[in-house]
């Protein structure tokens, strides 16, 4: 199939590469020329704008940092809706607020298109391996149509409900992720202060009731897991500023729903502090440095 893919960051680039590996033809666009050139080297075609990327394609996939970028990419004069063929489904894999999803769905509908939210979980490792989880907000009919495209990039494709429910699932999941990373960081730093070897403590946690992804896959303590961002100076993972954004989406949604989010609000402040220290581009597991009294040079 011919696909327009927009957004070639840490997640988008490997996702697009997996679509190429699956035999699809891609028009790609990103503001980062190096990212575009890398995909072109793998067989994609460079597009000069989102409009050009969406022209003459059967599907459009977007993977962007925030709601403002999604709005710009879709609705600008050189945006997707200015070039996409009528009837094409736009699959947005960004993590944004449910209200923006609904407004973009209305804009797409007015243009003769369908907008589907399909945020992902699984990190850069899952994006590279093609094992992402997709949380999809779409009609049952549209879900059946887009499933083959998503299966080239992920292993677990879940229909959460109608439009915007994919984002609801994503922000709730990342609320848990941020809270558990803060909890593991607090425990690992406490263990260090009390004199236990970090690897021993992590081993106990990972075979006990404290076991979670933040401990057994992305442990924040350096030297515990060779595959974790902590082993490479907290680089190459899910950025702390992105976690801060997602926690903001969750707490804003909680306010709208008049639903308490005590731990979410506290964790958001931890990441706000990390970002204010200039460490927002590091992996979100770097939050442990607040507990250890360490500042990582960037």
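Derivation of every value follows stated rules applied to the coordinates shown; laboratory data play no part. Note that the structure is predicted; figures quoted are calculated from it, not measured. We place every Cβ from the backbone using ideal geometry, glycine too, and count neighbours over all the protein chains shown.
Note that the range 172-252, at 20 °C in a medium of 1.002 mPa s, gets a Stokes-Einstein diffusion coefficient of 163 µm²/s from its Kirkwood radius over C-alpha pairs. Highest mobility in the GNM of the chain, judged by mean-square fluctuation with C-alpha springs under 10 Å and restricted to 219, 173, 27, is found for 173. Model label points for residue 22 and residue 155, set 7 angstrom from Cα along the Cα-to-Cβ axis, are 1.6 nm apart. Taking the DSSP beta bridges with both ends in the chain, the antiparallel portion is around 15 percent. Counting only DSSP H runs of at least 4 residues, each contributing -39500 (n - 2.57), and dividing by the residue count of the chain, the helix-based mean residue ellipticity at 222 nm comes to -15000 deg cm²/dmol. Put the Cα centre of the range 18-88 next to the Cα centre of the range 101-144 and the gap is 15 Å. For the chain, relative contact order (Cα pairs under 8 Å, six or more residues apart, normalised by length) works out to 13 percent. Distance between the modelled labels on residue 139 and residue 1, one decimal in nanometres: 1.7 nm (7 Å Cα→Cβ projection). The angle between the Cα long axis of helix 165-193 and the main principal axis of the chain comes to about 20°, on a 0 to 90 degree scale.
For the range 2-162, the gyration tensor built on C-alpha atoms gives a rounded shape. Its axis ratio a/c (a ≥ b ≥ c) stays under 1.5. Length available on full extension from residue 259 to residue 162: 0.36 nm per residue minus the Cα-Cα distance, which gives 32.8 nm.
Fully extending the segment from residue 186 to residue 281 would add 32.1 nm, taking 0.36 nm per residue of separation and subtracting the current Cα-Cα distance.
Protection proxy ranking, highest mean first, for peptides 55-67, 181-193, 204-216: 55-67, 181-193, 204-216, where packing is the per-residue count of other beta-carbon atoms within 10 Å, averaged. Using a simple spin-label model with pseudo-atoms 7 Å out from Cα toward Cβ, residue 34 and residue 172 lie 3.9 nm apart.
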